[in-house]
Amino acid sequence: RSKHEEIELVSLEEFYKEAPPEISRPAITVSEPHQQTLARLDWELEQRKRLAEKYKECLTSKEKILKEIEVKKEYLSSLQPRLNSIMQ
């Protein structure tokens, strides 16, 4: 048995609908199951690469936002002593 059989691939309908023609190659893959499986695996790889890149972008954005929150927290915590001194 091959490892690719353990991967749940998108349905054939969805594959031919969403995959670009250079990957799906419907003229070849419709009649050849082996080529069809290879094309579906290529599409799966492309999707995973795209999702991995999006994940990295989200992590970078999250880190940036966390730093901004920390800076604002520091500012707010320093504000209380200033307010106390103004009140006195």
Practice item. Within the range 10-38, track down each residue that is among the charged types (D, E, K, R), more than 19 Å from residue 48 (Cβ to Cβ) and free of Cβ contacts under 8 Å to residues at least 12 places away in the same chain. Key: 13, 32
Review point. So how many residues does the range 9-38 have that are surrounded by fewer than 11 Cβ atoms within 10 Å (Cβ to Cβ), in a helix (DSSP H, G or I) and not small (Gly, Ala, Ser)?
Key: 6
Review point. Conditions: (1) of a type in the set (A, V, I, L, M, F, W, C); (2) over 15 Å from the mean Cα position of the chain (by Cα); (3) open to solvent by 90 Å² or more (accessible area, probe 1.4 Å). Residue 66 meets all but one. Number of the miss?
Key: (3)
Check your understanding: Right, residue 66: farther than 30 Å from residue 15 by Cα and modelled with pLDDT of 95 or more or not?
Key -> yes
Check your understanding: Does at least one position in the range 44-59 carry a residue that is in a helix (DSSP H, G or I), open to solvent by less than 100 Å² (accessible area, probe 1.4 Å) and more than 30 Å from residue 2 (Cα to Cα)?
Key -> yes
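The values are calculated or read from the model by the stated rules, or taken from the named source; none is laboratory data. This is a predicted model, so every value here is computed, not measured. Glycine also receives a Cβ, built like all others from the backbone with ideal geometry; neighbour counts cover every protein chain displayed. Remember, those area values only see protein heavy atoms, side chains included, never the ligands or the DNA or RNA. Shrake-Rupley method; radii C 1.70, N 1.55, O 1.52, S 1.80 Å.
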